[in-house]
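*Asks:* Please read through the structure below; I'll follow up with questions.
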Amino acid sequence: MVKFTKDFHTTGISALLALIGLVIISVLYIKNVKGSILLGILITWALGILAQFTGLYAGDSVLPVWSDFNLGAISKTFGQCFSSAAFANFRILDFIVIMFSFLFVDIFDTLGTMIACADKAKMLDKDGKLPRIRSALLADSIATSCGAILGTSTTTTFVESSSGVSEGARTGLASVVTGLLFFLSIFLSPVFIAIPGFATAPALIFVGFLMITAVKDIHFDNAIEAIPAYLTLLTMPILYSISDGIAVGFISYVVLHLLAGKAKEIKPLMYVLAVLFVLKYIFL
């Protein structure tokens, strides 16, 4: 769920502003305006500022200031993953289980996002596969490892990338530009933190619309294929996890084929993944 700041006025003006923002982004997108999502965020933010000045709602009592920015704070987390003290209370078996759990979550979150974005960009081949996916996964794994060393939140592939795809991003140049902008945003973090949730929520909702368009390619006339896809779509928002949705999809796909007497249609890798996912849910 999209969460709004707790001390907004109880009249629900924040939710109303979010809906207005969604309408703004939708209209701009329909009119093929470049940067429609970014413009929608900025316009909604401006409307929120106007609403705050008119007393329609109470904004955050404490706003971010430039003194909050402290690049040196990274020293507190840098390299902690190599500290033996951080794993002193873990048995080796527990560590292995946790490590593989994170591995599966990251792999399938990344794969789900990459395939969805590539499909939106029409970069999949005739078999629905992403060419040169090895390079993409390697880049993601290196970024994840670097994030762990720095002690930051996971630096992985996010579904919000589809907003860039919708604006025409197709090559690595878009990624380089995005990376540079992220670097600059470090120094401008107080400005971005000041943007309220009701301004960014419409962007996330609209990104969901961009991703759901791939549903048209599901063969709903074939129940044994459509039901696992439906369960995948249903599970992702309920459990708030792409990887859990994919796991339910794998398990249900294998189970349905086995019970329907179509075991020969299942590839060996599907069996392996389904069993691993079942073991994951049993022991974690």
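*Asks:* Does L256 qualify as being farther than 30 Å from V27 by Cβ, in a helix (DSSP H, G or I), at pLDDT 85 or above and not assigned by TED's automatic domain parsing to the domain that holds G164?
*Replies:* yes
*Asks:* Looking at the range 87-99, can you tell me whether even one residue there is at pLDDT 75 or above, among the charged types (D, E, K, R), part of a loop (DSSP other than H, G, I, E, B) and out of contact with any Cys (no Cβ under 8 Å at 6 or more places or on another chain)?
*Replies:* no
*Asks:* Moving to a separate point now. Out of the residues in the range 60-82 that are modelled with pLDDT of 70 or more and of a type in the set (S, T, N, Q), state the one that is nearest to V278 (Cα to Cα).
*Replies:* Q80
*Asks:* A169 passes all but one of (1) small (G, A, S); (2) loosely packed, with under 13 Cβ neighbours inside 10 Å; (3) not in a helix (DSSP H, G or I); which number fails?
*Replies:* (2)
*Asks:* Same structure again: What number goes with the only condition from (1) at pLDDT 85 or above; (2) under 28 Å from the mean Cα position of the chain (by Cα) that D221 does not pass?
*Replies:* Going through (1) at pLDDT 85 or above; (2) under 28 Å from the mean Cα position of the chain (by Cα) one by one, D221 breaks only (2).
*Asks:* How many residues does the range 152-200 hold that are touching a Gly at 6+ places or on another chain (Cβ under 8 Å) and not β-branched (V, I, T)?
*Replies:* 6
Residue by residue, here is whether (1) more than 20 Å from G128 (Cβ to Cβ); (2) surrounded by 13 or more Cβ atoms within 10 Å (Cβ to Cβ); (3) in contact with a Phe, Trp or Tyr (Cβ under 9 Å, 6 or more places away or on another chain) holds:
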{"site": "F183", "(1), (2), (3)": "yes, no, no"}
{"site": "G197", "(1), (2), (3)": "yes, yes, yes"}
{"site": "L204", "(1), (2), (3)": "yes, yes, no"}
{"site": "D221", "(1), (2), (3)": "no, no, no"}
{"site": "I224", "(1), (2), (3)": "no, yes, yes"}
{"site": "L239", "(1), (2), (3)": "yes, yes, no"}
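The values are calculated or read from the model by the stated rules, or taken from the named source; none is laboratory data. Small disclaimer: the values here were computed from a predicted structure and weren't measured. Backbone-built Cβ (ideal geometry, glycine too); neighbour counts: all protein chains shown.
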